[in-house]
Amino acid sequence: MNPPANITNNHGKAGLLWLVDQAERWHLSDGELASLLGVAETTLKIWIAAVRSTGDQSPEFPEPVIERMGLLLGLHKALVLLTPAGHENMANDWFKKPIYLWGLNGNSICSRILDNPSTETLIELVRQIRSRSA
């Protein structure tokens, strides 16, 4: 899955800001978030500092990183669609809790991705979860 040609670095900036906020809800360390994005923790910290600065400085996000940001957003959206109305926070809980759905066999979504941090793993999880929410 390649990002469409009209995806810009501003999308990467917005994606990173969303993920930093979401990482708190998912109780992720910077190292875990960096792993989910497929980058070194030091790179992640440099990017976070740059996007939070008020200047014109903005990091260049590689296309695979923007793709992973989109997949993580899609994963979150699919989980939210499965929750009862008014209980959207359950989606955040499901990210870290052991689940016996979607082939996880008692592992959490987070541990599955961290154990196998490939883009293919993210794509497959998003597909499986979306198929349940359709």
Of the criteria (1) within 30 Å of R132 (Cα to Cα); (2) outside any helix (DSSP H, G or I), which one L36 fails
(2)
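What helices (runs of 4 or more DSSP H) completely inside the stretch 78-134 contain at least 3 residues that are within 24 Å of S29 (Cβ to Cβ) and small (G, A, S)?
none
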Cβ-Cβ distance below 8 Å, separation of 6 or more or different chains: which pairs start in the stretch 58-76 with a residue that is at positive phi and end on one that is in a loop (DSSP other than H, G, I, E, B) and not β-branched (V, I, T)?
none
I need a count of the residues in the stretch 94-109 that are touching a Lys or Arg at 6+ places or on another chain (Cβ under 8 Å) and at positive phi.
1
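Readers should treat all values here as calculations from the given coordinates under stated rules, not as data from a laboratory. What you see is a predicted model, and the numbers here were worked out from it, not measured in a lab. Don't worry about glycine lacking a Cβ; one is built from the backbone with ideal geometry, like all the others, and counts go over all protein chains shown.
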